Amino acid sequence: MRILVVEDDRRLAELLRRGLVGEGFAVDLAHDGQQGLAQALVNDYDVIVLDVMLPGLNGYRICARLREAGVWTPVLMLTAKDGEHDEAEGLDTGADDYVTKPFSYIALVARLRALIRRGRRERPAVLRVGSLEIDPARRRCRRGEALIALTTREFAVLEYLAHRHGEVVAKSEVIEHVWDDAFDGDVNIVEVYVSALRRKIDAPYGLRTIRTVRGAGYRLAADRAGDQAGA
C-alpha cells in the first residue's frame, strides 16, 4: 500500500515515514502544500496523510482541490489545531478522518488501515447536477452564477435528491432522511417542497431537473428544457 504524507515538520514526517515503512507501507513525503497537491494529483495513492498548516497551500485547500479534480483517495487530516470548527472544516472539504497532534502512533496506523479497507468512494464536498450546484457546508445553492435562496427544509430535500441524482427516490425515502422520527404527517408533504424547489431552481431558467416518475417518486437529473415542467 502506498501512502503520501504531506507534513512541513520534517522531523515528524521522517518519523512517520520510518514507522509506516516498518508497517509494510511504501511512503512518499511532501513538505509544502503545492508539492503535496502535485504529487497527489499525479500519483496513485491508497491513502493521504495531510497536515492542515502547510506553507504555500493549506490542507483544507489541498483536499478541496483534490475532490474538485475527481481524486477520491482517502484523506486523513493531521493538525495541531484542536477545535470542533477546525474538524468540521476538514471534513466538509472532503477529508475522511481527522487526528489532532499529539497523537497515538498506534491509533494513527489503525485509522489508516481502516481508511484503506473502506477504499475510495465518490463523496464530493460540493454536489453538481448539470448547472445546479449544492454546497452542504455553506448551505448554498447556485444555478450557474445565480445564487438561489432556499429554506432549510427545501435545501435538505434538494441535498438528498442530489446525493441520489439519477435515481428514482420515493416520497417515503425523502421523509425518512429529511424529517425526524416524530413526523407522523402525510408523505404528500414532499410534493409541496418539490413544487417549491421547481419554482426556484427550474422555472426561472426554463429547465426541469426534478422530474416526477409516476407511482414511484422523483428523480433529479441534469438540465433539460422545461417543456413539461410538472412532469
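The values are calculated or read from the model by the stated rules, or taken from the named source; none is laboratory data. None of these values were measured; they are calculated from a predicted model. Ideal geometry is used to build each Cβ from the backbone, glycine not excepted, and the neighbour counts take in all protein chains shown. When the accessible area is computed, the model is the full protein with side chains, heavy atoms only, and any ligands, DNA or RNA have been set aside. Shrake-Rupley method; radii C 1.70, N 1.55, O 1.52, S 1.80 Å.
Of all residues being within 18 Å of R120 (Cβ to Cβ) and among the polar types (S, T, N, Q) in segment 1-43, which is modelled with the highest pLDDT? Just the residue, please. Here the answer is Q39.
Find the residue count for segment 186-199, including only residues that are in contact (Cβ under 8 Å) with a residue 40 or more places away in the chain and under 14 Å from L220 (Cα atoms). Give the derivation first.
Filtering segment 186-199 down to residues in contact (Cβ under 8 Å) with a residue 40 or more places away in the chain leaves 193, 196-197.
Add one more test, that the residue is under 14 Å from L220 (Cα atoms), and what stays is 193, 197.
Counting residues in segment 186-199 that are in contact (Cβ under 8 Å) with a residue 40 or more places away in the chain and under 14 Å from L220 (Cα atoms) gives 2.
Among the residues of segment 20-35 satisfying the criterion of being among the hydrophobic types (A, V, I, L, M, F, W, C) and in a strand (DSSP E or B), which is least open to solvent (accessible area, probe 1.4 Å)?
A30
For segment 144-166, the criterion of being in contact with a Ser or Thr (Cβ under 6 Å, 6 or more places away or on another chain) and either buried (at least 17 other Cβ atoms within 10 Å of the Cβ) or in contact (Cβ under 8 Å) with a residue 12 or more places away in the chain (or both) is satisfied by at least one residue. Considering only residues of segment 65-81 that are open to solvent by 30 Å² or more (accessible area, probe 1.4 Å) and assigned to a helix (DSSP H, G or I), which is farthest from K101 (Cα to Cα)? Taking the candidates together, the pick is E68. Where helices (runs of 4 or more DSSP H) sit wholly within segment 109-197, those with at least 2 residues that are modelled with pLDDT of 90 or more, under 18 Å from L207 (Cβ atoms) and small (G, A, S) occupy 189-197.
This table checks each residue for (1) part of a helix (DSSP H, G or I); (2) in contact (Cβ under 8 Å) with a residue 60 or more places away in the chain; (3) among the polar types (S, T, N, Q); (4) open to solvent by 40 Å² or more (accessible area, probe 1.4 Å).
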{"position": "R18", "(1), (2), (3), (4)": "yes, no, no, yes"}
{"position": "L37", "(1), (2), (3), (4)": "yes, no, no, no"}
{"position": "L41", "(1), (2), (3), (4)": "yes, no, no, yes"}
{"position": "L54", "(1), (2), (3), (4)": "no, no, no, no"}
{"position": "R61", "(1), (2), (3), (4)": "yes, no, no, yes"}
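Scanning segment 72-108 for residues that are modelled with pLDDT under 75, within 19 Å of the chain's Cα centre (by Cα) and of a type in the set (D, E, K, R) yields E84, D86, E87, E89, D92. Residues of segment 167-185 that are surrounded by 12 or more Cβ atoms within 10 Å (Cβ to Cβ), more than 17 Å from A222 (Cα to Cα) and aliphatic (A, V, I, L, M): A170, V174, I175, V178.
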